[in-house]
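To start, the structure itself, in structure tokens.
The values are calculated or read from the model by the stated rules, or taken from the named source; none is laboratory data. Since the model is a prediction, treat every value here as computed from it, not as a measurement. Glycine gets a Cβ as well: all are built from the backbone with ideal geometry, and neighbour counts include every protein chain shown.
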Ligand code: SDX
């Protein structure tokens, strides 16, 4: 064991990790958070209820839930001096660049939450990170559109508070829409954790060195930004808009199958799921609900997505390679209908995944056998050779 990772020299890229948090059966398309099926949690819990489950291992009682929710609520504001941090970015900076910078800088403001050997500091870092992510994400969005920051409101629940911080303006109050906030809650729950994906493994590896939790989450945000990972929701919507109409789908499916063409169907395929991503089904249902709620049920992009899914799932290339829609396939259309700009899709993914990153980081840090992660390699470079002075090199 090196830290959380078990390295088996017989495999070039296999590193496994023990965890009690999330279970995925990629062949059967099963996803469980602490043993509970994702569809039941997405339907019946609040995001903070699921956050409590991921962090502490059990669904909270009413007393436990109310205490947890109060602690989170009381830490949603950001140190006022951090507001100036945002103004150091260009207005057109990608919000994920702002998230990486601001979250990493939290360790410069919350000195009583960075000593990971202290259980109280670890707990405070977890609470602060989960509490402040919606505020930071909303500020990154507001900054990018040149609108003033909106402070959190303690009487609102997590998703409503976030949407109000994004869309309220000083000139008029933001009207909370229960259908849209329910959809946002469900989206947060679907994205909360997913076992040892690339960004979670990044957080664990960074944390295994003893780095402070804010720096580890910042590393996770940076990794999630990639288009093969959390950036796929933005890429999938751009792909669907580029396809534009059902008549052009065949051309893009052909390109996706062409080994010489770098084009990939964004939102399709997965490192683990070789069956339908259970989150994709819930996201598709949520997509229909949101589009109907905002009067866009005839959105042509939805028609393209549904037809593309139907064609791909009946094509032998995708069947043979077991490529199915993943969570990102419908999330872009849904988030656009929720009025999020595409550049903020991955910001929302990072906001929700912060709970999983913190839960996984906490599990690793609290494992007494934990050591620094140190993946090894299969060396394929030059064997030892004598040095040659520059004048003798030809
Ligand atoms: C997320 O790990 C997680 O849990 C991630 C995540 C989470 O919650 O954290 O689930 C979130 O990142 C979801 C994935 C989002 N990314 C995309 O939708 C980008 C498009 N997808 C592909 O880039 C790809 O499917 C990956 C990156 C997701 C997986 O890459 P792999 O492991 O190479 O793909 P695979 O095992 O699924 O591929 C098998 C074959 C390969 O061909 P061969 O080399 O065997 O000939 O299918 C091909 C791939 O080239 N292939 C695709 C394809 N995805 C894989 N061909 C066309 N279109 C695609 N989308």
> Any idea which of (1) assigned to a loop (DSSP other than H, G, I, E, B); (2) in contact (Cβ under 8 Å) with a residue 12 or more places away in the chain; (3) surrounded by fewer than 24 Cβ atoms within 10 Å (Cβ to Cβ) is the one residue 181 doesn't satisfy?
Replying inline: (1)
> Got at least one residue in segment 347-363 being in contact (Cβ under 8 Å) with a residue 24 or more places away in the chain, buried (at least 16 other Cβ atoms within 10 Å of the Cβ) and part of a loop (DSSP other than H, G, I, E, B)?
Replying inline: no
> Taking the stated definitions as given, is residue 144 assigned to a helix (DSSP H, G or I), surrounded by fewer than 24 Cβ atoms within 10 Å (Cβ to Cβ) and at pLDDT below 95?
Replying inline: yes
> Which numbered condition trips up residue 306, out of (1) over 30 Å from residue 142 (Cα atoms); (2) in a helix (DSSP H, G or I); (3) touching a helix residue (DSSP H, G or I) at 6+ places or on another chain (Cβ under 8 Å)?
Replying inline: (3)
> From the list 201, 208, which residue is away from the ligand (no atom under 16 Å from the Cβ), in contact (Cβ under 8 Å) with a residue 24 or more places away in the chain and surrounded by fewer than 24 Cβ atoms within 10 Å (Cβ to Cβ)?
Replying inline: 208
>> Among (1) away from the ligand (no atom under 15 Å from the Cβ); (2) farther than 30 Å from residue 143 by Cα, there is one condition residue 343 misses while meeting the rest; what is its number?
In response: (2)
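Listed here are the residues, each with its yes/no results for (1) outside any helix (DSSP H, G or I); (2) more than 23 Å from residue 311 (Cβ to Cβ); (3) touching a residue at least 24 places away in the same chain (Cβ under 8 Å).
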position	(1), (2), (3)
221	no, yes, yes
227	yes, no, yes
230	yes, yes, yes
235	no, no, yes
239	no, no, yes
242	no, no, no
247	no, no, no
250	no, no, yes
262	yes, no, no
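The rows are residues; the columns are (1) modelled with pLDDT of 95 or more; (2) buried (at least 21 other Cβ atoms within 10 Å of the Cβ); (3) within 20 Å of residue 313 (Cβ to Cβ); (4) touching a strand residue (DSSP E or B) at 6+ places or on another chain (Cβ under 7 Å).
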site: 229; (1), (2), (3), (4): no, no, no, no
site: 240; (1), (2), (3), (4): yes, yes, yes, no
site: 247; (1), (2), (3), (4): yes, no, yes, no
site: 272; (1), (2), (3), (4): no, no, yes, yes
site: 278; (1), (2), (3), (4): yes, yes, yes, yes
site: 287; (1), (2), (3), (4): yes, yes, yes, no
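Table: residues versus (1) in contact (Cβ under 8 Å) with a residue 12 or more places away in the chain; (2) part of a loop (DSSP other than H, G, I, E, B); (3) surrounded by 13 or more Cβ atoms within 10 Å (Cβ to Cβ); (4) more than 24 Å from the chain's Cα centre (by Cα).
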| site | (1), (2), (3), (4) |
| --- | --- |
| 72 | yes, no, yes, no |
| 81 | yes, no, no, yes |
| 93 | yes, yes, yes, no |
| 102 | yes, no, yes, no |
| 134 | yes, no, yes, no |
> Out of all the residues in segment 167-175, is one or more more than 18 Å from the chain's Cα centre (by Cα), part of a helix (DSSP H, G or I) and more than 12 Å from the ligand (Cβ to nearest atom)?
Replying inline: yes
>> Suppose we filter 195, 155 for residues that are part of a loop (DSSP other than H, G, I, E, B), modelled with pLDDT of 95 or more and in contact with a strand residue (DSSP E or B) (Cβ under 6 Å, 6 or more places away or on another chain); which single one remains?
In response: 195
